[in-house]
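Each value in this text was obtained by applying a stated rule to the coordinates, not by laboratory testing. Note that this is a predicted model, so its numbers are computed, not measured. Quick reminder, even Gly has a Cβ in these numbers, built from the backbone with ideal geometry, and neighbours come from all protein chains shown.
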Amino acid sequence: MSADLEHIRQVMREADCLYTNAEVEAAIARVGAQINADLAERNPVVFCVMNGGLIFSGKLLTHLDFPLEASYLHATRYRNETSGGELFWKAKPEVSFIDRDVLIIDDILDEGHTLGAIIDFCKHAGARQVHTAVLIDKEHDRKARPDLKADYVGLPCIDRYIFGYGMDYKGYWRNAAGIFAVKGM
Ligand SMILES: O=P(O)(O)OC[C@H]1O[C@H](OP(=O)(O)OP(=O)(O)O)[C@H](O)[C@@H]1O
Ligand code: HPA
C-alpha cells in the first residue's frame, strides 16, 4: 500500500528536533577523528549497514584519512515499521573477512539485535577484530545484550522513535537534515 504522504509531511511538521544538522555534523567529525586515531594502521574493510547507515557512512568516510576498502551489507528487522521483528539478511557481505579488521557503520543502536547479529556474522566469517560505529545510541533498558556497546558513538538519544540522517519513519525522511523525534512516540 502506498504511504499517505500528507501523514508523512505532518509527521515532519510536528516532530521535535533533538539534534540540528550542525550538531550531527560535529558529532560525525568527532567520530571520524577517533577512528583516524585508532584504525589508521589496521587496513580495515568498512561496511555500511544499509539502508539506515547510508548517510552516516557516506559522511563519516569523508573524514577518514587512511587507506580503507568500503562496501555494504543489508540486514533489516524494522522493514519500514516502527517496531522491530526478526532479523532478515537482504545482502550478506561478499568480501573475505579472514584476518581482517572490520568496521561496521550503522545509523542507530536501538535494541541492538541488528548490530549483535552483524558482529556475530563477522566473527564467524573470520574477522580479526570487529569495530562498530553508530551515529545514535538510544538510551533505554531494552538492550538485547546489555554489555554490547558500540566502539564509536556519535550522539546519545532519548527513548523515542526518531528519524533523519538515514533513519526512517515508515520508509520516509531518511533525508531529513537533523535528528527528529516523532510526536507522541
Ligand atoms: O538495534 P536494533 O533495534 O536492532 O535496530 C537498529 C537497526 O534498525 C534499523 O534498520 P532497519 O531494520 O529499519 O532496516 P533499514 O535500515 O533498511 O530501514 C537501523 O538502521 C539499524 O540497523
Ligand atoms: O528510532 C528509530 N528510528 C528509525 N529507525 C530505527 N531503527 C531502530 N530504531 C529506530
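The figures follow:
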quantity: Selection count, region 68-89, where residues are part of a strand (DSSP E or B) and either on the phi > 0 side of the Ramachandran plot or in contact (Cβ under 8 Å) with a residue 40 or more places away in the chain (or both); calculated: 2
quantity: Considering residues of region 137-164 that are touching a Gly at 6+ places or on another chain (Cβ under 6 Å) and over 22 Å from residue 63 (Cα atoms) only, the residue surrounded by the fewest Cβ atoms within 10 Å (Cβ to Cβ); calculated: 145
quantity: Complete set of residues in region 96-126 that are closer than 16 Å to residue 46 by Cβ and basic (Lys, Arg); calculated: 100
quantity: Checklist (1) surrounded by 17 or more Cβ atoms within 10 Å (Cβ to Cβ); (2) of a type in the set (Val, Ile, Thr); (3) in contact with a Phe, Trp or Tyr (Cβ under 8 Å, 6 or more places away or on another chain) applied to residue 8, failing item; calculated: (1)
quantity: Residue that is farthest from residue 28 (Cα to Cα), among those in region 46-98 that are within 11 Å of ligand 1 (Cβ to nearest atom) and of a type in the set (Val, Ile, Thr); calculated: 82
quantity: Every residue from region 90-121 that is within 16 Å of ligand 2 (Cβ to nearest atom) and assigned to a strand (DSSP E or B); calculated: 90, 104, 105, 106, 107, 108, 109
quantity: Enumeration of residues in region 30-45 that are in a helix (DSSP H, G or I), exposed (fewer than 15 other Cβ atoms within 10 Å of the Cβ) and either touching a Lys or Arg at 6+ places or on another chain (Cβ under 9 Å) or among the small types (Gly, Ala, Ser) (or both); calculated: 33, 37
quantity: Complete set of residues in region 165-175 that are within 18 Å of residue 58 (Cβ to Cβ) and within 11 Å of ligand 2 (Cβ to nearest atom); calculated: 165, 166, 167, 168, 173, 174
quantity: Qualifying positions in region 112-125 - touching a Lys or Arg at 6+ places or on another chain (Cβ under 8 Å) and either surrounded by 18 or more Cβ atoms within 10 Å (Cβ to Cβ) or in contact (Cβ under 8 Å) with a residue 60 or more places away in the chain (or both); calculated: 112, 113, 114, 121
quantity: Of the criteria (1) within 19 Å of residue 166 (Cα to Cα); (2) in contact with a strand residue (DSSP E or B) (Cβ under 7 Å, 6 or more places away or on another chain), which one residue 23 fails; calculated: (2)
quantity: Inter-residue pairs, beta-carbon under 6 Å, first in contact (Cβ under 8 Å) with a residue 40 or more places away in the chain and in region 147-169, second assigned to a loop (DSSP other than H, G, I, E, B) and among the polar types (S, T, N, Q), 6+ apart; calculated: 161/82
